[in-house]
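For reference, the structure discussed in these notes is given below.
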Amino acid sequence: MADVPTLELRNVSKSFGSVQALVDVDFDVHDGEVMALVGDNGAGKSTLIKSIAGIHPFDSGEVLFEGSRVNIHGPKEAARLGIEVVYQDLALCDNLDVVQNMYLGREAHDLFQRMREAEMEKRTAETLKSLSVTTIRSVRQTVATLSGGQRQSVAVARAVMWNSRLVILDEPTAALGVAQTHQVLELVKRLAEQGLAVIIISHNLTDVFEVADRISVLRLGRNVGVYDRKASTQESIISAITVGAPIKAAAIAGNGETRL
Amino acid sequence: MSDGAPSEVEEAAERGGLSAAARAYLERLKAGDVGSLPVIVALIAITAFFSYKSTVFFTAINFDNLIVQTAGTAIIAIGVVFVLLLGEIDLSIGYVSGVGGVIVAELQQAGTNHNFGGLGAIVIALIAGLMIGAAQGSFVALIAVPSFVVTLAGLLIWQGAILKALGTEGVIGIQNNFINNVANYFLSEEAGWILAGVVVLAYVLGAVGSYVSRRRAGLDTGDLTLTVLKGVSIAVIAFGVVAICNHSRGVPFAGVLVVALVGFWSYVARRTTFGRHVYAVGGNAEAARRAGINVARIRIFVFMISSMMAVLGGIVLAARLNSVDLTAGSGTILLDAIAAAVIGGTSLYGGRGYVRAALLGALVIKTIENGLDLIGQSDWVKDVTTGVILLLAVTLDTVSRRRLARSGR
């Protein structure tokens, strides 16, 4: 694990009117690491990732990207830094094929706005291959004909194709069957193996324990703690999510940080 | 595809061109894309039927007539295809086409102060069309008023504008030859042949260009049999049409205009980023927005295209009659154009369809109209037949979409 986190948040807060969605939250994720973000409904997970993605910036606190302070004003700024978000509803166009979706809004084109189809198709096939996505038969089939797992794979592949440094996955396994969940989790592991920083939001602790290196728990907009997956049990995480404190103090993250 | 498992489509491609094409078509059908096949089959059946029933139908003179009759509707329907691709509707196109006719007729009028030539009048009318579309599109895209209501208001407003402009006289004759030639000029025999050659050459160059760029990228170059077969069909159709037309007055300029417009707008829709974004907004506007596409701008542009093509179609219709009167833009113009786009295979649900649908659908409607006229059927038969075909087309579209939804995708 690199010394400088890919993304580090220090004391960030966010409120909507009188509702405090996030209060003095600390968070960090490193290259090659899968960081799970868990918490009950209303814990502030969505607010946190939307703020990272620039949809509604934090009110206060520091955001450091690869060690330097940044201000993420909008989604474009986030994309420029190399932050990509795969939302739960995937945001794919059913009527377009895999290549067209992968390049949506960033089509390769010449001076006359004419698209370079061959180039786009080639790079799409390469990207899918590099992620070992082998279940998609043709990159020219429309997304409507793909299964849920394949669609998730396309959405993830789209996020990593643009020299991204940090990929955020919002509930990537919700609504997937067993085999497809496995397929997507393998894909998530492969992203980290390729050196990307990965944040995964999930309600499914079995999935979280399968892929995550560390687990960050939020409760009512505040940090509960960061747990090393290998040193934690599902019970301790559940208790952190619901009560706000782990059952066993020993479960607290290896680097000695305790955030309460 | 470069990954391990060879696809069924690829396997089929190895077996032979036609089964591969059939397989690819089935894939598209499964994705809710009906394509052009049903309408082409229908067109052949309709042509065969009327050729059998009437001795006049399959003659060069009638062929020329049919092309000119189809032109106006086909041109207006091109704009409708774009609007339908967005999942929107434009009900104002009928009277906007009338406005187009009135503007050119007014501007070419002798004895008035405005001294515009034919071309000047047409250009001004097209600009007016773009402005009408920009206004209507802005209400839809920026204020989110449903397009049905905005363009219904447009229908009423432009109808009123035509009544006001034509005033008590109620009719303006068009003497300007440049304008009248849009619908009444016929190419010489040689020009017709050269044009057919140009069309075939354009297809061959396009196919070779795509083959070379795919080859260079190391991609599967697809099956040559199918490409050659398509090329041969296009050559047969192009030279066949010219051969038939040359037995009469020659190829009508209006027909050339339609083919050129279908070619141009197909290119815009399928090959440019703008076209891709139109399909994306129609398929999933929220996904398009998140992908950084300016959805409002795309919507406004599409309504501008719709109104501009309506104006152009209206000019063809006015030129054909050498005049505009109080019925300009009324009657079946609106419904014919929308029906043409839908019968041609454009989905009403957005995101699926091709520009060529405008031409194919218009041909179906106008061939039926022309054929029924020739065998002496009355208007009610025309209306009922067109209605039934429209219903069939929409049913096909809806069923293929429902199948998709039911399979949980």
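Any read-out appearing in this document is the output of simple, stated calculations on the displayed coordinates, not a laboratory observation. A quick note: this is a predicted structure, and the numbers were derived from the prediction, not measured. Virtual Cβ from ideal backbone geometry, glycine too; neighbours counted across all protein chains shown.
Quick notes on this structure:
- Calculated FRET efficiency, A:Arg106 to B:Tyr267, Cβ-Cβ distance, R0 = 35 Å: about 0.95 to the nearest 0.05.
- Between helix A:148-160 and chain A: long-axis angle, C-alpha atoms, 0 to 90°, nearest 10: 90
- Annotation: the residues B:Lys230, A:Lys14, sorted from fewest to most other C-beta atoms within 10 Å of their own C-beta, follow the order B:Lys230, A:Lys14.
- Each residue of segment A:219-236 is assigned a 3J(HN,Hα), and the resulting list reads 8, 6, x, 10, 5, 9, x, 10, 10, 6, 4, 5, 9, 10, 10, 4, 4, 5 Hz, derived from the Karplus form 6.51 cos²θ - 1.76 cosθ + 1.60 (θ = phi - 60°), x at Gly and Pro.
- With neighbours defined as other Cβ atoms within 10 Å of a residue's Cβ, the residues B:Tyr185, A:Tyr103 order from fewest to most as B:Tyr185, A:Tyr103.
- Within 10 Å of each Cβ in A:140-151, the average number of Cβ atoms from other chains: 5
- 3J(HN,Hα) from dihedral phi, segment B:226-231, Karplus parametrisation 6.51/-1.76/1.60, rounded to Hz, x for glycine, proline: 5, 4, 5, 4, 4, x
- Convex hull volume per residue, computed on the Cα atoms of segment A:48-153, equals 140 Å³.
- Treating r as the C-beta distance of B:Thr332 and B:Ile124 and R0 as 45 Å, the FRET efficiency rounds to 0.95.
- Estimated inter-spin distance, A:Lys76 and B:Phe49, nm [label 7 Å along Cα→Cβ]: 5.4
- Its relative contact order, with pairs defined as Cα atoms under 8 Å and 6+ residues apart, puts chain B at 35 percent.
- Chain A gives an Rg/Rh value of 0.98, both radii derived from C-alpha positions and Rh following Kirkwood.
- Gyration tensor over alpha-carbon atoms, the protein assembly as shown, equivalent ellipsoid semi-axes in Å: 57, 29, 20
- Selection from A:Ile136, B:Gly344, B:Ala161 lying farthest towards where the dipole of the protein assembly as shown points positive, charges on Cβ: B:Gly344
- Sequence-ordered 3J(HN,Hα) estimates for segment B:321-332 from the Karplus curve with 6.51, -1.76 and 1.60 and θ = phi - 60° stand at 8, 6, 6, 10, 9, 5, 8, 4, x, 9, x, 8 Hz, glycine and proline given as x.
- Peptide A:86-96 has a mean of 6 when you count, residue by residue, the C-beta atoms of other protein chains within 10 Å of its C-beta.
- Per-q log10 I(q)/I(0), segment B:201-322, q = 0.10, 0.13, 0.18, 0.23 Å⁻¹ (Debye; single scatterer per alpha-carbon; no solvent): -0.52, -0.82, -1.11, -1.23
- Amide H within-cut-off set for A:Ile199, under 5 Å, with H built and near neighbours excluded: A:Met35, A:Val167, A:Ile168, A:Leu169
- Estimated distance in nm for a label pair at A:His203 and B:Val198, the labels positioned 7 Å out from Cα along Cα-to-Cβ: 6.3
- Shielding by other protein chains, A:99-111, mean Cβ within 10 Å: 4
- Exposure proxy ranking for B:Glu88, A:Glu193, based on other Cβ atoms within 10 angstrom of each Cβ and starting from the fewest, stands as A:Glu193, B:Glu88.
- Cα shape, segment B:292-375, gyration tensor, a/c 1.5 rule: oblate
- For segment A:1-101, the Cβ-based charge dipole about the Cα centre amounts to some 360 debye (Lys, Arg positive; Asp, Glu negative; other atoms uncharged).
- Shape of segment B:129-185, Cα gyration tensor, a/c cut at 1.5: oblate
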